[in-house]
Each structure stands twice: as structure tokens, then as C-alpha cells.
Amino acid sequence: MSLNNATPEALKQLEQTLTAEYESLKSQNLSLDLTRGKPSSEQLDLSDSLDGILDGEFIDSAGVDTRNYGGLRGIISARQLGADLLGTEVAQTMSVGNSSLNIMYMVMLNNYLYGCRGKDTAWGELKAPKMLCPVPGYDRHFSITENLGIEMINVDMDENGPDMDQVEALIKADSDIIGIWCVPKYSNPSGATYSDDVVDRIAALGKIANSSFRVMWDNAYAVHDLIEDFKQLANIFERCKAHGTEDSVWQFASTSKVTHAGSGISFLSSTEDNLKNFEKLLGVTTIGADKVNQLRTVKLLPNMDATYAHMAKHRAILAPKFDLVLTELNNELDSQYATWTKPEGGYFVSLDTQPNLAKTVIAMSSEAGVVLTGAGAPFPYGKDPKDCNIRIAPSFPPTNELKVALSVLIVCIKLATVRQVMS
Ligand SMILES: Cc1ncc(COP(=O)(O)O)c(C=O)c1O
């Protein structure tokens, strides 16, 4: 039924039916969680052979005793895995601690406090340093930026990535813009993979931005495909070489959602000059990362073929959950109520309600026992300008719980929309 053309009586009838459904769900005292994109325990089980995999062999292929201190850049085989994952070269890739987010923070902190090429280039010396934030985006990128007191500027995203006309115009108009956050493959939360043209234009930004401008290229979902015939992401490292802008990009990835989320290994890659500069800070904070864990990881994932084979097992668990979400949304809602993304990888479905309803829907779901990521979380300062975005994370709950959680979410969306039309 068309909500806008419906008679007041028909709307009232619909509102009463939906209210009854909502109250009945509420009375079930549910306690379900669709908040964070965590792997399920079934997915974690896939990597349990990490435990004991070394069988007492702690010496790596280069003869390094991984039990001892040292090796700030990580063991060579782990760096190779990172380079292959990111499409860069081993000499320009480091394998560090268990969290790429932690390393992103440190790179940002280093550039803010000490500068990429000395104090004169420190972002903190600028009058009003600003970071471009494609939205909706990853809340923790925004927390890092806010924590450093760097102003955030929203940039629109579509299925090809950030709106590059906006990005280029903003950079040309303001030399205090010091960087941009990018999740180029299966973006969190929209699932968009940047088009070749967008990747090329991002690689070229170093030619129009100030010399301390940095692209934070967070390739967290580099191998997290939900379909076999996945779209290739263009290689930013190659595009930067073509433009002579290699210094302007930092690349990141990790095995957090490949092996055990809390004890993966992370990677970062950039030019030798950038790495050396960053090591000055990193070397103050640690003598070296957990090389034993790096060795364990490369024993499980010795190369990209092994990594893709491993990710196919994740896909077998994850794809049916995403199918379930998309089928339920498709069966129950249409564009009068919401629109949503159909990701081919990553960890999220991004749903837009009608304007000004996300907070209401999330509050109603929570009252009925289904916790969703807070309204506004995928936006800088937690402010969704249209109050419409809801991030759905299907990976963690078992399928039966996911189904119930979705039925709650769907009723809440319908009821909130009908009430808005009525008012
Ligand atoms: C885009 C993105 N980057 C980074 C991370 C965290 O990565 P790590 O576990 O390596 O710190 C996540 C986790 O959800 C993510 O979605």
C-alpha cells in the first residue's frame, strides 16, 4: 500500500496492527545484539589450529629466533604476506602488533605531534588541521581524529567511493586539509568498493594537497569477499607511482577478521621515508611486535592462495547470514520505508530509513531487546545530518537469533515510518 496516498483510516488500521506486532515482540523479553561487526565463534574456530601450530619451531625462514626481542618491522614472511595482501612490496611493508587501528592512531599521532618530515610539517602546527571523512564511515577512525582535536569534514559516499569532485574542491580551497580516511574495499558500513577512477583520483591528491597530506588507506576488508567472483580493487600503490605521490599514502590491513580477531597481526605500508619517520615513534614504544604470533600466522597462511582458501571458509559461514538479511529486508520493506546496500563483501549492511527516523527506530528496537549500533555512530561527532542511517552487523549472532532481531528491526522501521506519515 502507498503510504502517502492511504486514507487516514487505512493508516490508523496499519498503525494498530504494527503496534500489536511490536508489543508482542516486546513481551518476549528478547536480548539480541546486532552492534559490532565481530566474527562468530564458528568463524573463530576456523583458525584454532594456530594453537600449537609451531610445535616448538620458533626459528623463522630467515633464521630469526622469534622468541627474542627485536625486528621492529616484523619477520620477513609476515611482511611478505602483508605486501601481497596490500599489493605493495615487502621492503615497504611492516608487520606490527595485533591491531591495525592502533597503528593508524600512532601514524596520525606521529604526523600530528612530530610531523612527517620534522616539526615544521606537524599537523598540530597548523591553524586548523582538518581531515576529510567519507560518510557513512568507520566510527573508530572518527574517534582517532576527534581525540587528536583534528576537525572532521563530511564527504558524501556513493557506490563508487567518496565524491571526488567534493574532495578535490575542498582540498584546493583549504591547505589545512591534512588527510582523508578511506576504507577502499567493502567500505564500513556501506560495502562500497572504490572504482578504478576514484582510486586514481585519490592517488593524485598528493599533487594538489599540502606536502604533509596523507591518505589513510585502511584496507581492513581486502580479502573478505562474500561472492567468489569479486570485483578487484585498483592498486593505489601503482597509481601513486604513476603520479609520483607515493609519500601521500599509508596503507593498513590486518588478519583480525581472518584468524582470531583479538590476536591477529597487522600490516602497514608506505615509502621508505615514511616508514623511517614512523619508526622513530614506534621504536620508542616497543622493541618489536609479537613475532611468535607472526610466525604462527604465516604458518597457517603461508601465501595468498592459502589466505583465499581460508577466506572461502569464512564466506561459507557469512554469506548465508547476509543473504538472510537481504531476503528479509526485501520481503518486508520497500523504498517507502527504507533503502539498503547489497554488499559483496565486508561485515555490514547499511540501511537508510526515511529522514529523522534512525534514532527513533534504534530506540524502539532497543526497547524490544535488540541492540543496534548507536544512531549517528558512522558519522563524525556521532551526528548523522539526516538521522537516517542504521548499520546492521550480521556476522556474530547465530542465524535463528539474527532472524528474530531482523523481524524486530523491520517492525520498528514500519511502525516509526507509519507514525511519521500520520503525523
Ligand atoms: C574499517 C576497519 N578498520 C579497522 C578495523 C579494526 O582493525 P584491527 O582489528 O586490525 O585493529 C575494523 C574493525 O571493525 C574496521 O571495520
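The values are calculated or read from the model by the stated rules, or taken from the named source; none is laboratory data. Remember, it's a predicted structure, so these values are computed and weren't measured experimentally. In this analysis, Cβ positions are derived from the backbone assuming ideal geometry, glycine residues included, and neighbour counts consider all displayed protein chains. The area values use the complete protein model at the heavy-atom level, side chains included, leaving out ligands, DNA and RNA. Shrake-Rupley method; radii C 1.70, N 1.55, O 1.52, S 1.80 Å.
Given the criteria open to solvent by less than 10 Å² (accessible area, probe 1.4 Å), within 12 Å of the ligand (Cβ to nearest atom) and outside any helix (DSSP H, G or I), does Gly137 qualify? Walk me through how you get there before you give the answer.
Numbers: open to solvent by less than 10 Å² (accessible area, probe 1.4 Å): yes; within 12 Å of the ligand (Cβ to nearest atom): yes; outside any helix (DSSP H, G or I): yes.
The answer is yes for Gly137.
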* Select, from Ser61, Ser95, Ser100, the only residue that is more than 22 Å from the chain's Cα centre (by Cα) and either within 14 Å of the ligand (Cβ to nearest atom) or in the same structural domain as Asn235 (by TED's automatic domain parsing) (or both). => Ser61
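With the requirement that a residue be part of a strand (DSSP E or B) and small (Gly, Ala, Ser), what does region 329-364 give you?
As a first pass, look at region 329-364 and keep what is part of a strand (DSSP E or B): 338-340, 345, 349-353.
If the condition is that a residue be part of a strand (DSSP E or B) and small (Gly, Ala, Ser), then Ala338, Gly345, Ser350 are the ones that fit.
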* Structure fact -> Those residues of region 5-46 which are in a loop (DSSP other than H, G, I, E, B) and under 24 Å from Gly374 (Cβ atoms) amount to Gln28, Asn29, Leu30, Ser31, Thr35, Arg36, Gly37, Lys38, Pro39, Ser40
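Only one of Asn330, Asn303, Asn274, Asn235 is away from the ligand (no atom under 16 Å from the Cβ) and crowded, with 21+ Cβ neighbours inside 10 Å; which? Walk me through how you get there before you give the answer.
Values: Asn330 fails: crowded, with 21+ Cβ neighbours inside 10 Å; Asn303 fails: crowded, with 21+ Cβ neighbours inside 10 Å; Asn235 fails: crowded, with 21+ Cβ neighbours inside 10 Å.
Only one candidate qualifies: Asn274.
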* Might you check whether a residue that is within 15 Å of the ligand (Cβ to nearest atom) and under 19 Å from Ile180 (Cβ atoms) occurs anywhere in region 113-129? => no
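Given the criterion out of contact with any helix residue (DSSP H, G or I) (no Cβ under 6 Å at 6 or more places or on another chain), open to solvent by 30 Å² or more (accessible area, probe 1.4 Å) and within 11 Å of the ligand (Cβ to nearest atom), identify the matching residue among Ala242, Ala261.
On the way: Ala242 fails: within 11 Å of the ligand (Cβ to nearest atom).
The match here is Ala261.
Quick one: is Ser175 within 20 Å of Gly244 (Cβ to Cβ), free of Cβ contacts under 8 Å to residues at least 40 places away in the same chain and either within 16 Å of the ligand (Cβ to nearest atom) or assigned to a loop (DSSP other than H, G, I, E, B) (or both)?
Working: within 20 Å of Gly244 (Cβ to Cβ): yes; free of Cβ contacts under 8 Å to residues at least 40 places away in the same chain: yes; either within 16 Å of the ligand (Cβ to nearest atom) or assigned to a loop (DSSP other than H, G, I, E, B) (or both): yes.
Answer is yes for this residue.
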* Go over the candidates Ser350, Ser407, Ser423 one by one and state the one that is touching a residue at least 24 places away in the same chain (Cβ under 8 Å), small (Gly, Ala, Ser) and open to solvent by 20 Å² or more (accessible area, probe 1.4 Å). => Ser407
* Structure fact -> Condition set within 16 Å of the ligand (Cβ to nearest atom) and hydroxyl-bearing (Ser, Thr, Tyr), scope region 245-258, selection farthest from Gln92 (Cα to Cα): answer is Ser256
* Please give the number of the condition Lys414 fails out of (1) outside any loop (DSSP other than H, G, I, E, B); (2) within 22 Å of Asp225 (Cβ to Cβ). => (2)
* **Residue satisfying condition, being modelled with pLDDT under 95 and either of a type in the set (Val, Ile, Thr) or open to solvent by 30 Å² or more (accessible area, probe 1.4 Å) (or both), within set Gly283, Gly374** => Gly374
* **Residue that is nearest to Asn274 (Cα to Cα), among those in region 185-210 that are in contact with a helix residue (DSSP H, G or I) (Cβ under 7 Å, 6 or more places away or on another chain) and assigned to a loop (DSSP other than H, G, I, E, B)** => Ala209
